[in-house]
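Before any comments, here is the structure.
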Amino acid sequence: MDERDWQILKVLYEKKNITKTAQSLYISQPSLTKRIQQIEKEYDQAIISRGAKGVQFTPQGEYLVKCADEMLGRLRQIKETVQNMDHEISGTLRLGVSNYITRHKLPGLLKLFREQFPKVNFKVTTGWSREAFDLVYNREVHIGIVRGDYHWGGSKHLLFEENICITSKEKIDLKDLPSLPRVQYDTDNTLKALVDNWWTRTFSEPPLIGMEVDKADTCKEMVMNGLGYGILPSVLVEDHSSLYRIHLHNESGRPLVRKTWMLYHQESLELKVVKEFVEFIKKMDFINDI
């Protein structure tokens, strides 16, 4: 079996459907079926059966699927090690990055890095910060860029801090917040907990949610149009001087801040492309240089 076969088993197990698996892997159904038959011939065992509920795996097939992640990870490690033997910086850098950083910072960042190392390729997976954290924790990516504080035993580097602030189109008084409409948005659990803890320490009644939107950028647009106030990281509104802002503080009187981190395993620095990227990030002002 080669790398493609292990990938087929993994995707087929997820999709439970020949047609959807073929589409996901950009191969024809006859070619996919032939590859499965070749795997069964190699092991002299049936690995799947087809029925009304789609593709079902035999015990032998289930075992091979369990091996797929291990085998794919090992093959990827071998490929990276071989590429790392060259004096020139090349290979694929795998990154897990939070949604905000992906939208606002990552394209410029990767452009600057590729200008120095044109033979480096990137595989970027985006999502909530928790998802990016899980990717680097499970070693599915070389480096994670996450917003918020997580329990992390590996190496990390602080990229920047941002204040959490009340943002509105017109001037408002902090004590009036419970009676004013808030524009609520989906965010990761670390920021939600930070804001919720501040609110319950400050007020004895819940906020008045006037609108719910999908993300912080949308919330900002609604606030700019006078549809309510938002509780937003300052980096989102720093270019909008017309907006009224109140920076929040914790129970000790210190500004309520959210930190953005670069996380990685120390042994990942054995790969030249990872080491160069980490050093590149450490040398730059993450806010102003991009």
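Nothing in this text is a laboratory measurement; each read-out follows from the coordinates by a stated rule. Because the structure is predicted, anything quoted here is derived from the model rather than measured. Because the Cβ atoms are built from the backbone with ideal geometry, glycine has one as well, and the counts that use them run over all protein chains shown.
Computed quantities for the displayed model
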quantity: Listed residue (Phe57, Leu72, Ile89) projecting farthest to the positive dipole end of the range 40-89, Cβ model; calculated: Phe57
quantity: Computed FRET value (nearest 0.05) for His249 with Gln116, which takes r as the C-beta separation and R₀ as 51 Å; calculated: 0.80
quantity: Using a Förster distance of 30 Å, the FRET efficiency for Thr200-Glu267 (Cβ separation, nearest 0.05); calculated: 0.15
quantity: Glu42 paired with Glu238, simple spin-label distance in nm, labels 7 Å along Cα-to-beta-carbon; calculated: 5.2
quantity: Aspartates and glutamates with Cα under 15 Å of Lys259, excluding same-chain neighbours fewer than 8 positions away; calculated: Asp149, Glu161, Glu162, Asp188, Asp285
quantity: Full-stretch length increase - Thr125, Glu62 - with 0.36 nm per residue and alpha-carbon distance subtracted; calculated: 20.0 nm
quantity: Estimated dipole of the range 3-84 in Debye, rounded to 20 [Cβ of Lys and Arg +1, of Asp and Glu -1, Cα centre]; calculated: 320
quantity: GNM flexibility winner over the chain from Leu109, Leu194, Leu12 (Cα, springs under 10 Å); calculated: Leu12
quantity: Distance between modelled label sites at Leu227 and Arg139, nm, 7 Å Cα→Cβ extension; calculated: 4.6
quantity: Unsatisfied cross-links (Cα-Cα over 28 Å) in the set Lys169/Lys215; Lys20/Lys192; Lys123/Lys283; calculated: Lys20/Lys192
quantity: Read-out Rg and Dmax of the Cα atoms in Å, derived from the coordinates shown; its label in (i) 17.9, 54; (ii) 24.1, 74; (iii) 20.1, 64; calculated: (ii)
quantity: Computed magnitude of the charge dipole of the range 162-257 (debye, nearest 20; Cβ of K, R +1, Cβ of D, E -1); calculated: 260
quantity: Choice from Val124, Val195, Val213 with maximal GNM fluctuation in the chain (Cα, 10 Å cutoff); calculated: Val213
quantity: Sorted peptide list for 42-51, 67-76, criterion being average Cβ within 10 angstrom, highest first; calculated: 67-76, 42-51
quantity: Two-decimal Rg/Rh across the range 1-129, once Rg and the Kirkwood Rh are taken from alpha-carbon atoms; calculated: 1.08
quantity: Principal axis box of the range 162-257, alpha-carbon based, largest edge first, Å; calculated: 32, 27, 25
quantity: Calculated FRET value between Arg4 and Glu88, using beta carbons and R₀ = 30 Å, to 0.05; calculated: 0.65
quantity: Cα-centre dipole for the chain with unit charges at Cβ (Lys and Arg positive, Asp and Glu negative), debye to 20; calculated: 480
quantity: Dipole axis of the range 162-257 (+1 Lys, Arg; -1 Asp, Glu on Cβ), positive-most option in Tyr185, Met222, Pro255; calculated: Pro255
